[in-house]
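**Q** Please find one structure pasted underneath; my questions will follow.
The values are calculated or read from the model by the stated rules, or taken from the named source; none is laboratory data. Keep in mind that what you see is a predicted model, and the values were worked out from it rather than measured. Virtual Cβ from ideal backbone geometry, glycine too; neighbours counted across all protein chains shown. Calculation scope for accessible area: heavy atoms of the full protein, side chains included, ligands and nucleic acids excluded. Shrake-Rupley method; radii C 1.70, N 1.55, O 1.52, S 1.80 Å.
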Amino acid sequence: MSSFESSRKVFSSLDTFDATAWNSSFTSEDRERAVDGLERGHVLYFKTLAFPLEAEEKVFLSSTWSDQEAKNISFDPTEGRLRGAKIEGADGEKLAGMMRRYASDARQLLQGLLPSYASTLKLARTSFRPHEVEGRKASSFRKDDTRLHVDAFPSRPNRGARILRVFTNIHPAGKPRVWQIGEPFEAYASRFLPTVSRPLPGLAQLESILGITKGVRTPYDHIMLHLHDRTKGDETYQREAPRQEVAFAAGSTWVVFTDQVLHAAISGQFVLEQTFELPVAAQRQTERSPLRVLERLTGRALAA
Ligand SMILES: O=C(O)CCC(=O)C(=O)O
Ligand SMILES: [Fe+2]
């Protein structure tokens with residue numbers, strides 16, 4: 001399809017690192033490569049950075065602990081509470097402990113790798129993804145992560161802050177997590193921006209008062225959410241947009257700005273994930289953030 005021709009070239013890449021420990025110290029060259037690659041929209045790939053489970057945690061490698069409704073089991077480190085799990089008592093403590101340990105390892109990794117982010121990096125939710133992705137029916141197309149998208153949280157506006165995520169494939173029998181990665185953010189945003197209309201005046205305030213959102217959605221949040229929904233709902237784009245497929249090996253870890261990198265999870269089972277929020281100002285090159293790109297494309301301030 002001709003409208004995709006301009007972006008048919010190789011557009012994204014994996015930057016590989018050979019660390020094997022979460023508390024590794026990185027050379028200044030590696031740290032430089034990490035911050036630059038991430039901000040360009042690359043995926044940082046740690047092929048041999050595994051998260052070994054304790055013997056008594058191996059029982060969690062099953063989809064039976066899920067409430068079968070939520071996509072993931074998540075853990076909120078500030079509330080200390082599990083969501084999406086059907087689990088009680090000592091088992092719940094054990095699972096929460098595993099997720100807390102992952103959160104702490106993920107944080108250590110980023111502190112060593114991205115020291116310029118460390119002081120403002122905010123720990124958000126931890127998730128455990130026990131379901132096979134392939135063939136799983138999502139409750140709506142908006143929740144279907146097998147479709148290309150950039151992340152935007154419907155009920156938690158982030159006012160331009162970056163979404164930085166660490167993923168680890170803990171599949172016990174070597175099954176890779178397969179993703180597709182799409183075109184660069186700016187090309188993508190230019191394509192879909194014309195489909196996003198302005199928010200209704202007063203709606204963001206109302207949704208916040210009603211508790212539909214946690215805090216007021218900024219114009220940035222409005223655009224990101226609509227880009228997310230329009231993209232997932234565009235059958236032609238889903239079928240024909242340029243992409244590359246990557247297989248993240250069992251026992252590997254990857255780090256990515258998921259609000260910038262178009263991604264779709266195609267297959268695989270058993271992944272741990274830690275989300276961090278980062279203020280745009282902490283970036284080396286703030287003009288590469290989705291906030292600044294969208295402000296440039298629309299000619300307006302979007303998160304004031
Ligand atoms: O579970 C995965 O591999 C990725 C799913 C996804 O799109 C996300 O977590 O943002
Ligand atoms: Fe996503």
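**Q** With the chain treated as a Gaussian network of Cα nodes joined by springs under 10 Å, which of VAL196, VAL178, VAL166 yields the largest mean-square fluctuation?
**A** VAL196
**Q** How are the Cα pair distances of the chain distributed, in percent, across 20 Å bins from 0?
**A** 33, 61, 7
**Q** For the chain, with a Gaussian network of springs between Cα atoms less than 10 Å apart, report the residue from GLY37, GLY251, GLY211 with the top mean-square fluctuation.
**A** Of the options given, GLY211 has the highest mean-square fluctuation.
**Q** Return the distance in nm (one decimal) between the two label points of a simple spin-label model at ALA247 and ILE209, each offset 7 Å from Cα along Cα→Cβ.
**A** Here the modelled spin labels are 5.5 nm apart.
**Q** Another question, then. Name the residues whose placed amide hydrogens come within less than 5 Å of the amide hydrogen of VAL271, ignoring near sequence neighbours (fewer than 5 apart) on the same chain.
**A** ARG129, ILE170
**Q** Then there's this: In whole percent, what relative contact order does the chain give with Cα contacts below 8 Å and a gap of six or more residues? Walk me through the numbers before you get to the answer.
**A** Details: 572 pairs, mean separation 90.2, N = 304.
Reported relative contact order: 30 percent.
**Q** Who wins for biggest fluctuation among GLU235, GLU79, GLU287 in a Gaussian network model of the chain, springs between alpha carbons below 10 Å?
**A** Of the options given, GLU79 has the highest mean-square fluctuation.
**Q** Provide the per-residue ³J(HN,Hα) series for the stretch 84-95, in order, calculated from phi with Karplus coefficients 6.51, -1.76, 1.60 and θ = phi - 60°, each as a whole number of Hz, with x at glycine and proline positions.
**A** x, 10, 10, 7, 9, x, 4, 5, x, 4, 5, 5
**Q** Tell me the accessible surface of GLU93 in square angstrom (1.4 angstrom probe, heavy atoms of protein chains only), to the nearest ten.
**A** 130 Å²
**Q** Further, regarding this structure: Roughly how many debye, to the nearest 20, is the charge dipole of the stretch 26-131 about its Cα centre, given +1 on each Lys and Arg Cβ, -1 on each Asp and Glu Cβ, and no other charges? Please report the intermediate quantities before stating the final value.
**A** Working: 16 positive and 16 negative charges, 37 e Å.
Taking the Cα centre of the stretch 26-131 as origin, the dipole is about 180 debye.
**Q** From the protein chains alone at 1.4 Å, what is the descending order of accessible area for ASP18, ASP67, ASP76, largest first? Write down the numbers at each step before the final one.
**A** On the way: ASP18 130, ASP67 60, ASP76 20 Å².
In descending accessible area the options line up as ASP18, ASP67, ASP76.
**Q** Once you place label points 7 Å from the Cα toward the Cβ at ASP76 and ARG296, how far apart are they in nm?
**A** So the label points at ASP76 and ARG296 sit 3.7 nm apart.
**Q** Now, a different point. Between PHE17, ILE223, LEU61, whose Cα lies farthest towards the positive end of the dipole of the chain when Lys and Arg beta carbons carry +1 and Asp and Glu beta carbons carry -1, centred on the Cα centre?
**A** Of the candidates, ILE223 comes out farthest on the positive side.
**Q** At a probe radius of 1.4 Å, what is the per-residue accessible area of SER63, in Å² to the nearest 10?
**A** Near enough 40 Å² of accessible area.
**Q** Further question on the same structure: Can you put ARG40, ARG147 in order of accessible area, largest first, using a 1.4 Å probe?
**A** Working: ARG40 125, ARG147 50 Å².
In descending accessible area the options line up as ARG40, ARG147.
**Q** Here's something else I'd like to know. Calculate, in nm to one decimal, what THR120 and ALA187 gain on full extension: separation in residues at 0.36 nm each, minus their alpha carbon distance. Walk me through the numbers before you get to the answer.
**A** On the way: separation 67, 0.36 × 67 = 24.12 nm, distance 2.89 nm.
Using 0.36 nm per residue and subtracting the Cα-Cα distance, I get 21.2 nm.
**Q** Follow-up question, since we're still on this one. Is the C-alpha gyration tensor of the stretch 1-120 telling us rounded, prolate or oblate? Criteria: a/c under 1.5 is rounded; beyond that, a/b larger than b/c is prolate, otherwise oblate.
**A** Oblate, because a/c is 1.5 or more while a/b does not exceed b/c.
**Q** I would also like to ask the following. Which shape class, rounded, prolate or oblate, goes with the stretch 206-261 when its Cα gyration tensor gives a ≥ b ≥ c as root eigenvalues, a/c under 1.5 marks rounded, and past that a/b bigger than b/c marks prolate?
**A** Details: a/c = 3.20, a/b = 1.60, b/c = 2.01.
Taking the square roots of the gyration eigenvalues as a ≥ b ≥ c, the stretch 206-261 is oblate.
**Q** Where in the stretch 220-256 does the amide nitrogen come within less than 13 Å of the point 7 Å from the Cα of SER140, taken along Cα to Cβ?
**A** Of the residues in the stretch 220-256, 226, 229-230, 233 have backbone N under 13 Å from the label point off SER140.
**Q** Between GLU88 and GLU240, what is the spin-label point distance in nm, taking each point 7 Å from the Cα along the Cα→C-beta axis?
**A** 5.5 nm
**Q** Charges at C-beta only: +1 for Lys and Arg, -1 for Asp and Glu. How large is the resulting dipole of the stretch 106-223 about its Cα centre, in Debye rounded to 20?
**A** Here the stretch 106-223 has a charge dipole of around 300 debye.
**Q** Rounded to the nearest 20 debye, what is the charge dipole size of the stretch 14-298 about its Cα centre when +1 sits on each Lys and Arg Cβ and -1 on each Asp and Glu Cβ? Before the final figure, lay out the partial values.
**A** On the way: 39 positive and 37 negative charges, 101 e Å.
The calculated dipole for the stretch 14-298 is roughly 480 debye.
**Q** Also, I was wondering about something else. Give a residue-ordered list of calculated ³J(HN,Hα) values for the stretch 52-63 (Karplus: 6.51 cos²θ - 1.76 cosθ + 1.60, θ = phi - 60°; whole Hz; x for Gly, Pro).
**A** Per residue, the Karplus-derived 3J(HN,Hα) values read x, 7, 6, 3, 6, 8, 5, 4, 7, 7, 6, 8 Hz.
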